[in-house]
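A short reminder: the numbers here are calculations on the coordinates, not readings from a lab. Computed from a predicted model, the values in this text were never measured in an experiment. Counting neighbours? That spans all protein chains shown, and the Cβs are built from the backbone with ideal geometry, glycine included.
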Amino acid sequence: MIKYLRVINMKALKTVFGLIGAISAAAAILIYCTEKFTDYLFLAGETNSDRALAFLAAVTAFSVIAYSVVSIIIKHNKSAIFKTVIRLAASCAILYYALILSAFTRSCNYYEFVSPDKQYSVIANEWSYLMGGGIDFYERINPLFVQQKESLTVDDGVNIINAKAYSVEWQNNAMTFTFSNGSAQSKSVTVELSKQHGG
């Protein structure tokens, strides 16, 4: 009886790991396809698509590994061992992808600029990579996705927003972002929004 209950518990555990892996993989595919076939980008809080895909890939890989180990425990046969080897190989490939994605993810900081009437907001992604950098401006579409509106590059990877070397001016649904970038001549970019943030 105890042995029978252990088998049931292991099968339940196997199902749980299978569901976690399937959900993680489906979420990763959804994010990838949305960015591939639309002009929307994933951004939940400060978690962008690179970070999300790396995390989901790792969760999927570990779930597959756990699923495979439980499968061997339940079934002691050559077929189970062969399938486990295939799953482990796939998991290693997924983990490698996650590590590569994490290693080459550029450093990003996110800021939100809200209009004086609280009706509009702009999300700015200040990023740097090696000696370069820039700022991407987005309009939030929903809690998970944003749409890029404007972008600018910054020499020597200077963090304009973090250094507070900028000014912002709102006019209705448009925000003008002005910065000096260490030079005498100022540069500016205007971000026009189509959706209201609140109200």
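Here are some notes:
- Plainly put, region 107-192 has a radius of gyration that is 0.96 times its Kirkwood radius, both from alpha-carbon atoms, as the Rg/Rh ratio.
- Estimated inter-spin distance, S194 and F37, nm [label 7 Å along Cα→Cβ]: 2.0
- Legend: residue pairs K118/K187; K36/K187; K118/K149; K149/K187, Cα-Cα distance threshold 28 Å; pairs beyond threshold, K36/K187.
- Pairwise FRET efficiency - V114 versus N142, Cβ, R0 = 22 Å, nearest 0.05: 0.80
- Summary value for region 107-192: 20 percent relative contact order, contacts being C-alpha pairs under 8 angstrom separated by 6+ residues.
- In this structure, N172 and D50 have a Cβ-Cβ separation that, at R0 = 35 Å, corresponds to a calculated FRET efficiency of about 0.55.
- Label positions at I73 and I29, each projected 7 Å from the Cα along the C-beta direction, are separated by 2.8 nm.
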